[in-house]
1. Just to confirm a number: summing +1 for Lys and Arg and -1 for Asp and Glu over residues other than Glu158 whose beta-carbon lies under 12 angstrom from that of Glu158, what do you get?
2. Counting only heavy atoms of the protein chains, get the accessible area per residue of the chain (1.4 Å probe) and round it to a whole Å² value.
3. Modelling each spin label as a point 7 Å along the Cα-to-Cβ direction, I'd like the Lys22/Lys143 distance in nm, to one decimal.
4. Compare His31, His198 by solvent-accessible area with a 1.4 Å probe and give them largest first, with all protein chains kept in place.
5. State, to one decimal in nm, how far the label point of Asn194 lies from the label point of Asn132, with both points 7 Å from Cα in the Cβ direction.
6. Most mobile of Ser15, Ser197, Ser102 per a Gaussian network model of the chain (Cα springs, under 10 Å)?
7. Roll a 1.4 angstrom probe over the protein heavy atoms and tell me the percent of accessible area of the range 1-128 that is carbon or sulfur.
8. Please compute the contact order of the range 6-207 in relative form: average sequence separation of alpha-carbon pairs under 8 Å and at least six residues apart, divided by the residue count, as a percent.
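The values are calculated or read from the model by the stated rules, or taken from the named source; none is laboratory data. Quantities reported herein were computed from a predicted structural model and do not represent experimental measurements. Methodologically, a virtual Cβ is constructed for each residue, glycine included, from the backbone with ideal geometry; neighbour enumeration extends over all protein chains shown. Side chains included, ligands, DNA and RNA excluded: accessible areas come from the protein's heavy atoms. Shrake-Rupley method; radii C 1.70, N 1.55, O 1.52, S 1.80 Å.
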Amino acid sequence: MSKGVFITLEGTEGSGKSTQLKTIEQYLQQHNRRYIKVREPGGTPIAEEIRNLLKTPRKDDAMCDTTELLLMYAARAQLVNTVIKPAIEQGVDVICDRHDLSTVAYQGGGRGMDLGEIKVISKVVLGDFKPNLTILLDIDPIKGMQRAKARGELDRFEQSKMDFFVRVRNTYLECAKQDPNIIKVVNGDDTLDNVSSHIRKLLDNLYA
Ligand code: Z5A
């Protein structure tokens, strides 16, 4: 049996990941692929509990950067080992809303944590496991945040200052330059139709 394909979606807030996940789903349905969709942090009962811890702002115990980093990887270990890898082994494709690149961009670029140390933890958790395709939806963080704000109350990450999101975006773009075969940049500030059509072309290439 051939293995499933692992597709991840990345980008700063409001870049349209959740919206474009539907484009990928439609494509996979039209091509009769078996698939599941998951999100990070989250995607299993344990990882969803960790997600709540990570996203909820609290005044009594501000989360330190190291705790945040290790919780991201704890959630990822649970999701990858209990859901993603078994699915791929059984020939099921996996669409994941955020994955390891988010940690490099947010904890590395955004928080300024040591990228070499992040790599070491990533290696412990993931080994050589990697996405087949990463779609990076790129948008000016000011515009993305306007979209996120229009949705209502902001979570712990969304309450960060704009220079944090600028660093996150720049780190994403730098990573895309370094790994152009896997990470494909899509303009998230284009019309919905144009963004979807660009993503369908990337999927055509992936499945060709
Ligand atoms: N995080 C981390 O720090 N480290 C890690 O390793 C991982 C994650 C894995 C998860 O939050 C947080 O965890 C995230 C990073 C951090 N922090 N933040 N902030 P989440 O999962 O709740 O949120 P998100 O991943 O940032 O997603 P989002 O804010 O929901 O954004 P989105 O999914 O990219 O956008 P959307 O919901 O598809 O679209 C936003 C709005 O824009 C919506 O009303 C759409 O209708 C509209 N939209 C979308 N596309 C368009 C276009 N093309 N034109 C016009 N309007 C559009």
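1. +3
2. About 52 Å² of surface per residue is accessible.
3. Those two pseudo-labels are separated by 2.0 nm.
4. Working: His31 95, His198 70 Å².
Heavy-atom accessible area, descending, gives His31, His198.
5. Distance between the two pseudo-spin positions: 2.9 nm.
6. Ser197
7. 53 percent
8. Result for the range 6-207 is 35 percent.
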